[in-house]
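Inspection log for the structure reproduced underneath, given as structure tokens.
The values are calculated or read from the model by the stated rules, or taken from the named source; none is laboratory data. If you're wondering where the values come from, they're calculated on a predicted model, not measured in any experiment. Here the Cβ is made from the backbone with ideal geometry for all residues, glycine too, and neighbour counts use every protein chain on show. When the accessible area is computed, the model is the full protein with side chains, heavy atoms only, and any ligands, DNA or RNA have been set aside. Shrake-Rupley method; radii C 1.70, N 1.55, O 1.52, S 1.80 Å.
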Amino acid sequence: MPKIVVLTGAGISAESGIPTFRGSDGLWEGHRIEEVATPEGFRSNPGLVLDFYNQRRRKLLSSDVQPNAAHVAIANWEASLPQNDFLLITQNVDDLHVRAGSKNVVPMHGELLKARCLDTGAVFPWCDDMTLQTPHPERADLLGRLRPHIVWFGEMPLEMEQIEEAIIDCDCFVSIGTSGKVYPAAGFVQMTPRECWRVEINLDNADNSGAFDDSFVGRATEQVPRFIDAWKQRFGFDATS
Ligand code: BJW
């Protein structure tokens with residue numbers, strides 16, 4: 001059975017109502033990247049950064065945001081395959097893949113619904129707003145010492161060893177809804193074996209499009225199911241066999 005690695009970015013959640021990062025104005029919901037997505041930005045204005053993530057967390061938890069047909073198609077695809085043959089790497093900090101039923105998911109840029117202690121590094125599930133006065137779940141002496149469990153620029157993405165092991169050994173690498181501007185994720189396609197089938201799914205060309213063998217151009221909700229059908233044909237896969 002072929003080994004599959006799927007990489008997703010903000011474009012897969014766009015049709016669930018979560019805005020992508022790189023709009024034409026270069027701002028993320030009105031903020032410069034350095035303000036809200038770097039350790040330096042957090043140190044210089046922690047209240048603003050916590051509030052930025054509070055707003056995104058509230059939106060993610062609202063009933064308006066639900067997994068879409070692309071998230072569901074990927075989860076169903078995984079469920080039809082042997083357990084160890086599929087890895088989903090997501091750059092997204094939302095939990096929509098898990099809500100759709102995906103199991104083997106690595107959220108390499110962290111998770112919006114988790115908090116991390118600045119002092120101990122411990123990570124906790126987190127659905128509430130976070131402030132400069134938020135009590136630590138376990139340590140009364142550590143008041144206001146939590147940050148969102150998010151990988152900011154200049155920080156090391158999570159689970160890189162597991163990710164690299166899967167990529168260098170995969171038969172199919174599919175990159176969905178990512179601009180190919182942020183490393184190391186943008187360089188994963190270059191690490192795939194020579195005989196691997198490299199596929200890009202995007203509304204538009206990404207910065208690293210030249211490294212892919214095939215492109216499915218259009219909205220993820222339409223193109224992901226179309227691509228999975230193509231994969232089944234290519235590898236002679238029959239769910240009943
Ligand atoms: C659709 C669609 C639809 C829309 N259907 N498609 C110079 C050169 C190279 C690297 C560097 C450099 N200077 C600094 C670096 C490193 C830096 C980096 O890459 N910077 C670049 C900006 C140049 N990277 C880092 O610092 C990373 N850490 C690191 O490198 O550590 C060292 C290391 C060394 C060795 C090995 C490994 C590591 C950390 C990066 C952290 C990124 N964090 C963020 C923010 C999280 C906080 C938050 O969520 O608020 O993660 S940045 C932001 O970008 C977020 C995303 O996960 C990430 C990627 O964005 P994505 O998903 O591609 O979104 P968009 O908006 O850019 O694109 C959406 C795409 O979807 C578009 O293409 C649309 O067309 C498409 N689309 N609707 C299909 N319906």
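Residues that are near the ligand (Cβ under 10 Å from one of its atoms), over 13 Å from GLN190 (Cβ atoms) and touching a Lys or Arg at 6+ places or on another chain (Cβ under 8 Å) within segment 207-217 comprise just one, PHE216.
So that you can scan it fast, the table gives a plain yes or no per residue for (1) surrounded by fewer than 18 Cβ atoms within 10 Å (Cβ to Cβ); (2) part of a loop (DSSP other than H, G, I, E, B); (3) of a type in the set (A, V, I, L, M); (4) in contact with a Leu (Cβ under 6 Å, 6 or more places away or on another chain):
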| site | (1), (2), (3), (4) |
| --- | --- |
| ARG194 | yes, yes, no, no |
| GLU200 | no, no, no, no |
| ALA206 | no, yes, yes, no |
| GLY210 | yes, no, no, no |
| THR221 | yes, no, no, no |
| VAL224 | no, no, yes, no |
| ALA230 | yes, no, yes, no |
| PHE237 | yes, yes, no, no |
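Within segment 96-128, being within 13 Å of the ligand (Cβ to nearest atom) and in a loop (DSSP other than H, G, I, E, B) holds for MET108, HIS109.
Cβ-Cβ distances below 7 Å connect the following pairs, each with a first residue in segment 192-205 that is over 20 Å from VAL224 (Cα atoms), a second residue that is open to solvent by less than 30 Å² (accessible area, probe 1.4 Å) and not hydroxyl-bearing (Ser, Thr, Tyr), and a separation of six or more residues or different chains: THR192/ILE167; THR192/CYS170; THR192/PHE173. Scanning segment 68-77 for residues that are surrounded by fewer than 22 Cβ atoms within 10 Å (Cβ to Cβ) and away from the ligand (no atom under 13 Å from the Cβ) turns up VAL72, ALA75, ASN76.
Looking only at segment 164-187, count every residue that is in contact (Cβ under 8 Å) with a residue 40 or more places away in the chain and either part of a loop (DSSP other than H, G, I, E, B) or of a type in the set (Gly, Ala, Ser) (or both) and tell me the total. Quick ask: steps written out before the conclusion?
Keep residues of segment 164-187 that are in contact (Cβ under 8 Å) with a residue 40 or more places away in the chain, which gives 166-167, 169-179, 181-182, 185.
If we keep only those that are either part of a loop (DSSP other than H, G, I, E, B) or of a type in the set (Gly, Ala, Ser) (or both) too, we end up with 166, 169-171, 175, 177-179, 181-182, 185.
Residues meeting the conditions: 11.
A Cβ distance below 9 Å, combined with a sequence gap of six or more or placement on separate chains, defines the contacts here; from segment 123-138, residues that are over 20 Å from ASP95 (Cβ atoms) reach residues that are among the basic types (Lys, Arg) in the pairs THR134/ARG145; HIS136/ARG145.
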